[in-house]
1. Going by the conditions given, is ALA248 in contact with a helix residue (DSSP H, G or I) (Cβ under 9 Å, 6 or more places away or on another chain), of a type in the set (A, V, I, L, M) and free of Cβ contacts under 8 Å to residues at least 24 places away in the same chain?
2. Tell me which residues, restricted to segment 190-201, are in contact with a helix residue (DSSP H, G or I) (Cβ under 7 Å, 6 or more places away or on another chain), in contact (Cβ under 8 Å) with a residue 60 or more places away in the chain and either surrounded by 19 or more Cβ atoms within 10 Å (Cβ to Cβ) or not in a helix (DSSP H, G or I) (or both).
3. Can you go through THR80, THR93 and tell me which one is of a type in the set (Val, Ile, Thr), surrounded by 20 or more Cβ atoms within 10 Å (Cβ to Cβ) and part of a helix (DSSP H, G or I)?
4. Find the residue count for segment 195-215, including only residues that are of a type in the set (A, V, I, L, M) and more than 16 Å from the chain's Cα centre (by Cα).
5. Would a scan of segment 73-81 turn up a residue that is over 26 Å from TRP269 (Cα atoms), basic (Lys, Arg) and modelled with pLDDT of 75 or more?
6. Among the candidates ILE54, ILE120, which residue alone is touching a Lys or Arg at 6+ places or on another chain (Cβ under 7 Å) and either touching a residue at least 40 places away in the same chain (Cβ under 8 Å) or crowded, with 20+ Cβ neighbours inside 10 Å (or both)?
7. Confirm whether SER266 is in contact with a Pro (Cβ under 6 Å, 6 or more places away or on another chain), polar (S, T, N, Q) and at pLDDT below 80.
8. Tell me which of these THR106 doesn't satisfy, since it passes every other one: (1) buried (at least 18 other Cβ atoms within 10 Å of the Cβ); (2) over 20 Å from VAL146 (Cβ atoms).
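The values are calculated or read from the model by the stated rules, or taken from the named source; none is laboratory data. Just so you know, these numbers come straight off a predicted model, no measurement behind them. Positions of Cβ are generated from backbone atoms using ideal geometry, with glycine treated the same way; all protein chains shown enter the neighbour counts.
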Amino acid sequence: MTTDIKSDRTLQNRAVMGVFLMILALGLYPLSDAFIKHLMTTYSVPQISFLRAITRFVPLFFATFFQGGPLAVLGTKHPTRHFSRLAVNLAYTYAFMFAFSQGSLTIVYTLSYTSPLFMILLSAWMLKEEVSPARWAAVGVGLIGVAIAMVGISNNPRPGANVTFEIAALGVAGLVLCGTFLGALNKILMRRLASTEHSLAIAIYPNLLMIVVTLPFLITTWQSMPWAHWGIFVIVGLITAGAQYAIAQALRFTQASILAPIDYSSFFWVAALDFFWWQKTMDRYTLIAAIVIVGSNLFILHRTRREERLKKETLAKAV
């Protein structure tokens, strides 16, 4: 990586474009996850991770030639920030890959909606930000939603899964929550990188690391594939490459607080995919948990914006 960068990349205030790109990405990811879940009945997690990464890497790397070339795109002044984010992203990706191999899309996505709750915990812990009692209360309500989802997981085994329960006991549900925590941290690190790094670089480096890390495991886990499955992996790579780039651009164009509520639009996609692809209907525990978790997150967003507005008004009066 080179440090020959002429100027820092600045965040742009293009909220409408950012919102559109985030909606697009959130529609593409569930579709790619559905393809991956389908293939997990046949292939190992390392093989799927490797193929998904390489099919994303190729179009993203090719795109660098239209953005000034690989050296200009991949060059960075902050390699340490990239390495930190890559380690978090790797653990986050593997946590969700194993979760998808055992549970329905709806359950996994419902638990992943705890991301804003973890964002508050990380902000209080890492950034030493002051969190109001109302927002802490919302975090507590969100955790109640998680408990409801776990009750549904343990009480509602479903046929057709690789294990007895929808998600292999509560331990794998904990894996989803761990992955969500790492995903929240990943977003914070991505936002920091977006102020100086090219969006393609932010999308390319995680895939490159995944290829390097998973390659040794393929010696013992690789299975031959028919051409039809190769085609599916190419489609998944193109879909997720587009989604990764769209999210990186969305975070550049729009503040994360504006994009936060849009995350929940994916719930309708995953519920539809579960129903039409695997004929799985949503149980009442999952629906209640989703309502509680999403409701608490929207309240957090409302309180955050209100507190920011009050701070601005106080500063304006002081001037």
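1. Working: in contact with a helix residue (DSSP H, G or I) (Cβ under 9 Å, 6 or more places away or on another chain): yes; of a type in the set (A, V, I, L, M): yes; free of Cβ contacts under 8 Å to residues at least 24 places away in the same chain: no.
No: the conditions fail for ALA248.
2. We begin by selecting, within segment 190-201, every residue in contact with a helix residue (DSSP H, G or I) (Cβ under 7 Å, 6 or more places away or on another chain); these are 190-194, 198-201.
Remaining after also requiring in contact (Cβ under 8 Å) with a residue 60 or more places away in the chain: 190-194, 198, 200-201.
Within segment 190-201, MET190, LEU193, ALA194, HIS198, LEU200, ALA201 meet the criteria.
3. Numbers: THR80 fails: surrounded by 20 or more Cβ atoms within 10 Å (Cβ to Cβ).
Answer to the selection: THR93.
4. Number satisfying all stated conditions: 8.
5. First, the residues of segment 73-81 that are over 26 Å from TRP269 (Cα atoms): 73-81.
In the following step, the residues that additionally are basic (Lys, Arg) were identified as 77, 81.
Subset that is modelled with pLDDT of 75 or more: 77, 81.
Within segment 73-81, one or more residues are over 26 Å from TRP269 (Cα atoms), basic (Lys, Arg) and modelled with pLDDT of 75 or more.
6. Residue meeting the stated conditions: ILE120.
7. Details: in contact with a Pro (Cβ under 6 Å, 6 or more places away or on another chain): yes; polar (S, T, N, Q): yes; at pLDDT below 80: yes.
Yes, satisfied.
8. With (1) buried (at least 18 other Cβ atoms within 10 Å of the Cβ); (2) over 20 Å from VAL146 (Cβ atoms) applied to THR106, the lone miss is (2).
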